[in-house]
Each structure stands twice: as structure tokens, then as C-alpha cells.
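Below: the structure, in C-alpha cells.
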Amino acid sequence: MSQSTHYRLRIPDDLKKWVREQSIENKRSINGQILFCIERMKLAENKKTADAPSTSSSAASLETSS
């Protein structure tokens, strides 16, 4: 990460407790744990997008099968 920005986050107490427990378990700061979770979600989203069949190739295959 080259640059960082401060961001104030409101989080429900039960979720903060869970993040804190996870951060202790994973030997990270709370901030580090939140970033880890966000980065994993981003990677999962990118993978889901990459794995999804593109609509243009689907349309092309329909045209060639006619």
C-alpha cells in the first residue's frame, strides 16, 4: 500500500468485539485485521468477476450454434 487515508468507522459493539478477537488470534492490530478482511473480500470479488462467463462470448457462441 503506497498511501493511506484516515477514515472514521462506526461499527456495532458486537462486530468490533469479533474483529478484536480475530486480530488477537491472527496477531494483527484491529486496523490490520479490518484491512485483511477488506482485501480478502476484494480478491474474492475479483475472482468471482474473472470466473463469470462473459456475456459477449455467450452471445457469440449462441450465434455460431444457429
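The values are calculated or read from the model by the stated rules, or taken from the named source; none is laboratory data. This one's a predicted model, so the numbers in the text were calculated from it and none came from an experiment. Positions of Cβ are generated from backbone atoms using ideal geometry, with glycine treated the same way; all protein chains shown enter the neighbour counts.
Of all residues being polar (S, T, N, Q) and loosely packed, with under 13 Cβ neighbours inside 10 Å in the range 5-28, which is modelled with the highest pLDDT? Just the residue, please.
Once the filter is applied, the top-ranked residue is 26.
Whether any residue in the range 25-36 is touching a residue at least 24 places away in the same chain (Cβ under 8 Å) and not in a helix (DSSP H, G or I) is what I want to check.
The answer is no, given that none of the residues of the range 25-36 is touching a residue at least 24 places away in the same chain (Cβ under 8 Å) and not in a helix (DSSP H, G or I).
Of the residues that make up the range 29-39, is at least one surrounded by fewer than 11 Cβ atoms within 10 Å (Cβ to Cβ) and at pLDDT below 95?
No, the range 29-39 contains no residue that is surrounded by fewer than 11 Cβ atoms within 10 Å (Cβ to Cβ) and at pLDDT below 95.
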